[in-house]
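Reviewing the structure listed below.
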Amino acid sequence: MNKKQIRWRNRILLALVLFFAILICENTGLIELVFGSANALYAEFILFLIPYAIAGYDVLIKAARNLAKGHGLDENFLMAIATLGAFALVFFPDSEPHMAEGAAVMLFYQVGELFQSYAVGKSRKSISDMMSIMPEYANIMRNGKLEQVDPYDVPLGSEIIVKPGERIPLDGIVQSGDSQIDTSALTGESAPRSAHEGDEVISGCVNLSGTLTVKTTKPYADSTVSRILELVENAADKKAHTENFITRFARYYTPIVVALAAAIAILPPLIVGGNLADWILRGLTFLVVSCPCALVISVPLSFFGGIGGASKRGILIKGSNYLEALSQVDTVVFDKTGTLTSGTFAVTNIIPAPNFTEARLLELAALAEAFSNHPIAMSIQRAYKGTIDIHSIDSNEEICGRGTKVITNGRTILAGNDKLMNVNGIAFTPENFAGTQVHIALDNTYAGTIVIGDAVKSDSKQAIAELHAEGVHRTVMLTGDHTAVAEAVASSLGVDEVCAELLPQDKVAEIEKLLASNHSTNANKSKVAFVGDGINDAPVLMRADVGIAMGGMGSDAAIEAADIVLMDDQPSKIALALKIAKKTMRIVWQNIIFALGIKFAVLILAALGIANMWMAVFADVGVAVLAILNAMRAMRTGNL
């Protein structure tokens with residue numbers, strides 16, 4: 001608890017002690033003995049006002065302030081008018097005194113509010129814990145001395161020193177040193193990762209053992225830690241449809257029940273006669289029961305808890321609207337490279353055409369891919385052991401979705417897929433190897449094929465199986481890779497459908513088809529999710545009902561476009577995110593049905609004069625506490 005909550009708690013405890021002491025004195029006849037039977041009622045009135053005022057003065061102030069601003073019809077107003085009305089019944093000689101009930105309603109309402117504040121604080125802490133990843137400084141060597149500077153002030157390409165125990169302030173590449181890296185704050189994984197020379201490290205992680213020299217690859221504003229903090233800060237702003245419904249419901253519900261309570265208190269005595277005090281008590285009881293705090297608190301708290309619980313497991317959800325949409329997903333579409341596969345490519349086969357050697361073929365490929373930073377191009381560059389003379393390259397052209405074309409020393413080299421060969425009229429023989437095939441042509445003569453292999457991620461097969469177990473009816477893989485390679489990967493993983501040899505714009509067209517067929521057959525209730533990691537996945541991530549990006553090594557564009565980010569790049573986390581979303585929505589609807597069911601039942605009883613003020617206390621405070629306790633279950637994701 002914070003200091004404000006501690007003061008609040010102490011105030012409520014004092015009021016409770018006084019309340020029960022006065023209640024004992026009343027029931028034992030001590031008040032009547034001290035003040036006399038004629039004055040006992042008014043003594044009780046004054047005595048019960050003391051704990052009432054101690055516990056509820058802030059509620060009365062808020063009610064008056066909001067009423068003055070024209071926003072008075074909220075739970076503060078309902079509590080104030082109902083409890084003050086219970087005390088006011090002392091002025092009706094024919095009615096029973098209800099000061100104790102009036103004080104009790106305010107006391108238990110405040111107990112519920114305190115409990116709610118604690119629950120919200122705990123839920124918020126599970127998200128705000130992510131804020132601890134913010135680095136306070138970066139170490140830079142200047143004039144032979146190590147200086148601590150603001151991460152914002154570190155220029156791109158600078159070398160920073162990260163000592164053991166320090167948080168890595170910026171994304172970069174290890175230049176020297178060996179260490180273990182704690183990534184738990186970002187990924188939720190407890191096992192540390194190794195970091196060696198040449199490895200990429202991301203900001204927000206903690207360096208555990210050795211000193212590292214890191215060359216920064218991004219400014220702080222674009223770093224992993226900065227992006228995560230922005231996502232966390234904005235998560236609460238995007239409300240789910242259910243949350244918006246509850247907000248609108250409360251806006252209309254409150255004035256309606258106030259009008260009904262007034263009608264119950266005033267109209268029956270005027271129309272059919274009867275005891276005015278009795279009908280006023282019914283109206284006041286109706287007001288206490290009608291307070292919608294169980295709904296307006298527990299529903300947002302459930303979503304907040306779900307988002308916080310997911311963040312502990314390395315799943316960042318940008319808003320409760322995306323959490324709600326995820327719970328309705330029954331079709332999951334995957335990009336292949338970097339999503340289901342590791343994206344770490346290596347040359348596995350070199351098949352030269354007649355009159356070409358393996359060395360010559362690899363040299364031509366390296367020249368063709370010299371200016372590309374695509375993973376396939378980089379694998380060819382690594383495989384070529386010679387020096388690439390980039391000065392000999394006269395022109396370089398990236399052909400979207402097909403490959404590259406370079407002119408070197410007056411000769412034209414083409415490197416790419418089947419489409420590139422076909423569009424240039426070059427005859428070639430497809431090779432029967434698993435992997436991505438890069439065909440090479442020199443001056444429109446086929447020179448051979450280089451096969452690039454991409455390892456499937458260790459948990460990809462598990463991810464597909466778990467998604468099917470969670471009720472996902474359809475898994476689809478979209479890729480620009482060769483059909484044979486794509487089908488081999490899909491078959492090994494258990495993916496239901498595969499679309500291969502797609503250009504970036506083709507992926508958008510395919511997702512449009514899936515959305516149209518899914519929505520037409522499911523009346524817009526079920527959703528399509530797309531999972532990707534690359535720059536070319538950004539349009540598809542934005543178009544899908546739910547976009548999920550690989551956040552560890554995914555591109556900035558993909559992470560920005562996605563609705564959900566998996567910080568450790570594990571596909572199996574998709575099924576976990578789905579479980580969290582479904583659990584959260586179950587809790588939300590449990591609270592809605594439970595709260596409305598109890599309230600409507602007791603409202604009817606109150607209108608009929610059957611429910612007393614104590615039943616009203618349970619229907620308001622009791623239901624709210626139970627709903628809040630249920631909502632807090634959304635934070636617990638360890639057993640999923």
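The values are calculated or read from the model by the stated rules, or taken from the named source; none is laboratory data. Given the structure is predicted, the values throughout are model-derived calculations rather than measurements. Neighbour counts are summed over all protein chains in view; Cβ atoms, including those assigned to glycine, are modelled from backbone coordinates with ideal geometry.
A few points about this structure:
- Filter result (out of contact with any strand residue (DSSP E or B) (no Cβ under 8 Å at 6 or more places or on another chain) and assigned to a loop (DSSP other than H, G, I, E, B)) within the range 390-413: Cys400, Gly401
- Residue in the range 454-467 that is under 22 Å from Ala359 (Cα atoms), in contact with a strand residue (DSSP E or B) (Cβ under 7 Å, 6 or more places away or on another chain) and not charged (D, E, K, R) present: no
- Scanning the range 359-382 for residues that are of a type in the set (D, E, K, R) and without any contact (Cβ under 8 Å) to a residue 40 or more places away in the chain yields Glu363, Arg382.
- Selection within the range 608-637: residues that are touching a Gly at 6+ places or on another chain (Cβ under 7 Å) and in a loop (DSSP other than H, G, I, E, B). The member of this set that is surrounded by the fewest Cβ atoms within 10 Å (Cβ to Cβ) is Arg636.
- Ser372 meets the conditions (1) more than 39 Å from the chain's Cα centre (by Cα); (2) of a type in the set (Ser, Thr, Tyr); (3) surrounded by fewer than 19 Cβ atoms within 10 Å (Cβ to Cβ) in every case but one. The failed one is (1).
- Condition met for Gly597 (at pLDDT 85 or above, under 22 Å from Ile297 (Cβ atoms) and small (Gly, Ala, Ser)): yes
- Of all residues making up the range 268-289, the number that are free of Cβ contacts under 8 Å to residues at least 60 places away in the same chain and outside any helix (DSSP H, G or I): 3
- Sole exception among (1) under 20 Å from Ile264 (Cβ atoms); (2) crowded, with 19+ Cβ neighbours inside 10 Å for Phe600, by number: (2)
- Long-range neighbours under 8 Å by Cβ, at least six apart or interchain, first residue at pLDDT below 80 within the range 476-488, second among the basic types (Lys, Arg): Asp481/Lys336
- Output for the range 109-120, where each listed residue is within 15 Å of Phe618 (Cβ to Cβ) and modelled with pLDDT of 80 or more: Val111
- Across the range 81-102, not a single residue is classified as among the hydroxyl-bearing types (Ser, Thr, Tyr), modelled with pLDDT of 85 or more, buried (at least 20 other Cβ atoms within 10 Å of the Cβ) and more than 30 Å from Lys318 (Cα to Cα).
- For the range 398-409, filtered to residues that are farther than 22 Å from Lys507 by Cβ and modelled with pLDDT of 90 or more, the residue that is surrounded by the fewest Cβ atoms within 10 Å (Cβ to Cβ) is Ile407.
- Sole residue being closer than 21 Å to Val258 by Cβ and out of contact with any Pro (no Cβ under 8 Å at 6 or more places or on another chain), chosen from Ala68, Ala43, Ala55: Ala68
- Every pair of residues 6+ apart whose Cβ atoms lie under 6 Å, when the first sits in the range 1-26 and is without any contact (Cβ under 8 Å) to a residue 24 or more places away in the chain while the second is of a type outside the set (Phe, Trp, Tyr) and assigned to a helix (DSSP H, G or I): Cys25/Ile31
- Scanning the range 447-462 for residues that are within 39 Å of the chain's Cα centre (by Cα) and of a type outside the set (A, V, I, L, M, F, W, C), we see that the one that is modelled with the lowest pLDDT is Asp454.
- Condition check for Leu605: more than 19 Å from Ala261 (Cα to Cα), of a type outside the set (S, T, N, Q) and either in contact with a helix residue (DSSP H, G or I) (Cβ under 9 Å, 6 or more places away or on another chain) or not in a helix (DSSP H, G or I) (or both): no
- Residues being among the aliphatic types (A, V, I, L, M) and surrounded by 15 or more Cβ atoms within 10 Å (Cβ to Cβ) - total across the range 20-48: 7
- Some residue of the range 8-17 being outside any helix (DSSP H, G or I) and either polar (S, T, N, Q) or touching an Asp or Glu at 6+ places or on another chain (Cβ under 8 Å) (or both): no
- Subset tally (residues that are of a type outside the set (Gly, Ala, Ser) and in a strand (DSSP E or B)) for the range 452-510: 11
- The residue of the range 410-446 that is surrounded by the fewest Cβ atoms within 10 Å (Cβ to Cβ), among those that are among the small types (Gly, Ala, Ser), touching a helix residue (DSSP H, G or I) at 6+ places or on another chain (Cβ under 7 Å) and modelled with pLDDT of 90 or more, is Ala441.
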